[in-house]
Amino acid sequence: MSSAPLWVGISSAREQPRRYNYTSARNELSQSYDGGSGNIHAARPQIGSTIAGITSYVVERVEIIEDFGGQAKMTVVAVDESPSGSVSIVNQQPTYEIEWVAVDKKLLHHPMWQSETGYPLTEADRDAIAEWESQTSATKRAEAYAKLGENAKVYADKIDLGIESYTVYSPVARKTSCSWEAPTTGYCGKMQTPQAPSFPTGYVWVKTADRSTRTGRNGKWERVEEWTGAEWVDSDLYPDWA
């Protein structure tokens, strides 16, 4: 936060008692000022500023109420970013999520066709299946089916039922962090293990998203990084992170 602007308050307005509010979500303070409307507007702090004397607090919002006779009241609300106030929504510890997403794969890639406890297919079986699938008439397709081995017929029966794929579930690890300063996003499409606790083990991870968004012109930045896990990744297509 060293690059955040410093707000020194208003010398030309009446300062009201400062209020602190401590909750399970965050620590915040509110400070009100009464004075001339022009002075109040001119001294309005920038969102994201630190406050002189209590620089662990960062301005989150400002409310100005215009009164009669050219007077105004401004209330500044700031949140605590110090370690003791780390429950603040700003620069807090990152939020980690795990989501399992459905991925469709070709039926022929199912492990049952390779496992001895399933219906293992030989190279001859696979060639016969390809020949059966290539037939365009019902008669020739029936003739090709009759030549299939028992395990190959199990596969062909599933295809005839309209089962051409199966679903596996892959973990997506997501890390969300907030800051006042613009984050530097990184490259995606390479193998990288998420640096965070409690992610599923036994998977190879590829970074698949890194996006940053800002709330308002002077608001906070939110960065969301995602990694998708797979049991196997082709290192020629998705090289390891250098």
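Please treat every number below as a calculation from the coordinates, not as lab data. The structure presented is a predicted model; accordingly, all values stated were derived computationally and were not measured. Methodologically, a virtual Cβ is constructed for each residue, glycine included, from the backbone with ideal geometry; neighbour enumeration extends over all protein chains shown.
Under a cut-off of 15 Å between alpha-carbon atoms, report the aspartates and glutamates in cross-link reach of Lys175, not counting same-chain residues fewer than 8 places apart.
Glu97, Glu99, Asp210, Glu222, Glu225, Glu226
In debye to the nearest 20, how big a dipole does segment 108-164 give about its Cα centre with +1 on each Lys and Arg Cβ and -1 on each Asp and Glu Cβ?
My answer is approximately 140 debye.
Which of the lysines could a cross-linker bridge to Lys105, judged by Cα under 26 Å and excluding same-chain residues fewer than eight apart?
Straight-line reach from Lys105, under 26 Å: Lys153, Lys158, Lys190, Lys207.
From Cα coordinates alone, what are the radius of gyration and Dmax values for segment 108-164 in angstrom?
Radius of gyration, then largest Cα-Cα span, for segment 108-164: 11.0, 34 Å.
For volume of the Cα convex hull per residue in Å³, the listed values are [x] 136; [y] 158; [z] 213; which was obtained by calculation from the structure presented?
It is the value labelled [z].
Between Val224, Ala43, Ala130, whose Cα lies farthest towards the positive end of the dipole of the chain when Lys and Arg beta carbons carry +1 and Asp and Glu beta carbons carry -1, centred on the Cα centre?
My answer, from the dipole projection, is Ala43.
How far is helix 150-160 tilted, in degrees, relative to the longest principal axis of the Cα atoms in the chain, given as a value from 0 to 90 rounded to the nearest 10?
Helix 150-160 and the main axis of the chain meet at about 50 degrees.
For segment 127-154 and segment 57-80, what is the centre-to-centre distance using only Cα atoms, to the nearest Å?
Rounded to whole Å, the Cα centres lie 78 Å apart.
Excluding Leu121 itself, what net charge comes from residues whose Cβ is under 15 Å from its Cβ, given Lys and Arg +1 and Asp and Glu -1?
Cβ neighbours under 15 Å give a net charge of -3.
Please give every one of the aspartates and glutamates within straight-line cross-link reach of Lys73, meaning a C-alpha to C-alpha distance under 15 Å, and leave out same-chain neighbours fewer than 8 residues apart.
Partners within reach: Glu15, Asp34, Glu63.
With a 10 Å radius around each residue's Cβ, average the other Cβ atoms per peptide and rank 45-53, 122-130, highest first.
45-53, 122-130
Could you tally the net charge around Ala196, taking each other residue with its Cβ under 15 Å from the Cβ of Ala196, Lys/Arg +1 and Asp/Glu -1?
Charge balance near Ala196 sits at -1.
What angle, in degrees between 0 and 90 and rounded to the nearest 10, separates the Cα long axis of helix 123-134 from the longest principal axis of the Cα atoms of the chain?
80 degrees
Just add up the charged neighbours of Pro111: K/R +1, D/E -1, any other residue whose Cβ is under 12 Å from the Cβ of Pro111.
So the surrounding residues net to -1.
With r as the distance between the Cβ atoms of Met191 and Tyr166 and R0 = 22 Å, compute the FRET efficiency 1/(1 + (r/R0)^6) and round to 0.05.
FRET efficiency, Tyr166 to Met191: 0.30.
What does the charge dipole of segment 6-85 about its Cα centre add up to, to the nearest 20 debye, if the Cβ of each Lys and Arg holds +1 and the Cβ of each Asp and Glu holds -1?
80 debye
Run the dipole for segment 15-146 about the Cα centre, Lys and Arg Cβ at +1, Asp and Glu Cβ at -1, nothing else charged, and hand back the magnitude in debye, nearest 20.
400 debye
Distances longer than 19 Å among the Cα atoms of segment 156-242: what percent of all pairs is that?
Tail of the P(r) past 19 Å holds 53 percent of the pairs.
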